[in-house]
1. Considering amide H positions built from the backbone, and no H for Pro or chain starts, which residues 5 or more places from Gly49, or on another chain, come under 5 Å of its amide H?
2. What are the ³J(HN,Hα) values, in whole Hz, obtained from phi via the Karplus relation 6.51 cos²θ - 1.76 cosθ + 1.60 with θ = phi - 60°, for each residue of region 144-154 in sequence order, with x given for Gly and Pro?
3. Using only the Cα atoms of region 202-274, what semi-axes does the equivalent ellipsoid have when each is the square root of 5 times a gyration tensor eigenvalue? Give whole Å, largest first.
4. Counting alpha carbon pairs within less than 8 Å and at least 6 residues apart, what relative contact order, in whole percent, applies to region 631-698?
5. With θ taken as phi - 60° and the coefficients 6.51, -1.76 and 1.60, list the Karplus ³J(HN,Hα) couplings across region 651-660 in order, rounded to whole Hz; mark glycine and proline as x.
6. Could you point to the residue in Pro66, Leu207, Phe38 farthest towards the positive end of region 16-237's charge dipole, with +1 and -1 charges on the Cβ of Lys/Arg and Asp/Glu respectively?
7. Can you tally the net charge around Val287? Count Lys and Arg as +1, Asp and Glu as -1, for every other residue whose Cβ sits under 10 Å from the Cβ of Val287.
8. How large is ³J(HN,Hα) for each residue in region 675-685, as worked out from phi by the Karplus curve 6.51 cos²θ - 1.76 cosθ + 1.60 (θ = phi - 60°), to whole Hz, x for Gly and Pro?
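The values are calculated or read from the model by the stated rules, or taken from the named source; none is laboratory data. These figures come from a predicted structure and were not determined experimentally. Counting neighbours? That spans all protein chains shown, and the Cβs are built from the backbone with ideal geometry, glycine included. Surface areas here come from the heavy atoms of the whole protein model, side chains and all, with no ligands, DNA or RNA. Shrake-Rupley method; radii C 1.70, N 1.55, O 1.52, S 1.80 Å.
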Amino acid sequence: GMVSNWTKIPPPLFKKVVIVLIDALRDDFVFGSKGKQFMPYTTQVVEKGTSYSFIAEAKPPTVTMPRIKALMTGSIPGFIDVVVNLNSPALLDDNLIWQAKTAGKRIIFYGDDTWVKLFPKHFVEYDGTTSFFVSDFTEVDDNVTRHLDRVLKREDWDLLILHYLGLDHIGHMTGPNSPLVGPKLREMDNILKKIHISLLSKEEASLPNLLVVCGDHGMSETGSHGGSSEGEVHTPLLFISSAFEKRSGPLTQPEHVQQTDLASTLAVGLGLPISRNSVGNIILPVVGGKTMREQLRFVHLNGFQLSRLLQENTPAYEKDPGYEHFKIAEKSHGNWIKLYLEGNNSEILLNLGKKVLKQYLEALKTLSSSLSKQVAQYDMYSMMVGTVIIMEVLLLLLLSVPKALSKRAEFEVPLSPPLFSLLFYLMCLMLCAVHVIVCTSAESLCYFCSMSWLTAVGVMMLISALMCGILSAIAKIFENSRLPLKNPVVSSSSWSEIDVLILAGTIGHVLSLGASSFIEEEHQTWYFLINTLCLVLCQELCRNNFLLKECDPQRSISVKQSFDSIGETSESKNIDIPAAGNSKLGKATSSSEFIKVSDKWISLATPWIILICCRLLRSLNQTGVQWAHRPDFGHWLTSSEHKSELSFLAAVSLLMIFFLVQRRCSLVSKIAMALGLLGVYSYRAAIGNVVFPWQHGGKDISK
């Protein structure tokens, strides 16, 4: 027509939408053997019903709050959201829930209270369940399901969101291959069946209803999540509606889509604007039943939103291949509209429409990819400058620790020599040169480069001064270590080999957390550090007990000197010290010279006993990602054939705790502790880990 109406939002495609989000639902739980066995109704709908099934790929970090953000905003959250996940603040970005509320949609939510924190005033009705009671597999889901019958009968809602946590809790506690997974999947299948049948029974001829089934993330082979393994990032995404064509022909492997695509698809389905910062693409099969003109309109709206987002974030957006493809597709779309308005309904028009649709989809894919890469880009230069300053301050603090913990508690940072040294000025010049090179060659915006030159030079001077201060402090430590000690007692503040090992181990451990593989296998770092520490302690004890006997007279002299100084101090304060001081001195010197043989051998044996215990602990549980599947003593004990051995060990351990502690307790405390320990054993028996000695054979025990 004469006036374009493409900026107006298209009417909704669905009347009511129900989103069922099952926490930690892996793709193989629906599309694999477990789905066929435990989710028969869902499998039937996927294979023969009116549905579209996809595998949605979640970007790391695969934890709940960032994934909800991705699903509702279409944007890619960062790793800072892992920290925010523990106490989710209200979501301020443009999102599907806010758009639905603004459009007058009535939204009801039941499930994980993270949603209530993210969208505090958006739901007309809600009931949040907490996700931190990980051992709760049942009530956490029953508290969601108990509302279903009542809500499904009502007509006063447009969008219903259910977030089930039970499967995630089972994964955390027992893993994906647990016997508890099957019954939980069956429970979810019955809930989906109830919702689907209810939606079908209440459908009107004008607008169909839509059921969306998805997971926020999957779970690894150990039941955890947060990483980027295939099990953690691949989740099922099902769209079930009578608006779709019934599936026919052989079952094909579900197509892969991005998790961020759901926000754009649901926005079009509900007749809402696509979220401003969304990088997702419309999942075309969901709108594939509409006419060619409507389909082109939907993808054009999505392309326009992505190109506008690119313009806001990229100065040279016109050279971006995605933007160029979009403009070509838009031009072809205009030509198609002219032919359509001329009343041309031939096969040529349909083929041209398919060609334009293909052009749009390629442009959307390129635009989305380009925007996703931009989101993943970090201001590395500013981050490195901040990290250098923090590391310098940390190193200065570590150098001050021995002095600060000594009796005098002194530490002098030599500032004046560095500030007037040649090194300081050379470092300033070098850092300023680096700053100029980085800021003139950086393509993207950089926070540190946007600062004034005066501020930047000040930061460079701070870095240079800290570095010179560190070097001066290290030089002073080496200088002091070479000087002969006037008072050997003060030597306790100097660095020993164990101090160096602990410092190096701490720094090494902190640096190891920079790699995800080291985080997954962090226990290996601890095993290495504990073993090394035990061996160094053993070497130190051997040296003190056997190799330094010739130093004993020297030691006694140092102890004598210390006692003399105490005597002098007390005299100056007019405190009367009897002749017992000499006897004390005699005892001290004799104890320092003659160590009891038993104590000596116990001290020598202790590191080796600790090493043996550590080795036993290592074989108790194979953990991490690489070796978690290997057999260990823990698996042997927890297997059903060895329940009696586990029960015996548990009972003996609890009895030992009682006998070791009860000696210092009153009668009431003894009774309370005995009942508490009995309760621990009873709880383990009730959940099936250990056996009750008085349990009747064949009868189930009451929890």
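1. Correct list: Arg247.
2. So the J values, rounded to whole Hz, are 8, 5, 4, 8, 4, 4, 5, 5, 5, 7, 7.
3. Its equivalent ellipsoid spans semi-axes of 28, 17, 11 Å.
4. Once normalised by length, the contact order is 35 percent.
5. Ordered by residue, 3J(HN,Hα) equals 5, 4, 4, 5, 5, 5, 4, 4, 5, 6 Hz.
6. Checked the options; the winner is Leu207.
7. Charge balance in the 10 Å sphere: +1.
8. 5, x, 5, 5, x, 4, 5, 4, 4, 4, 6
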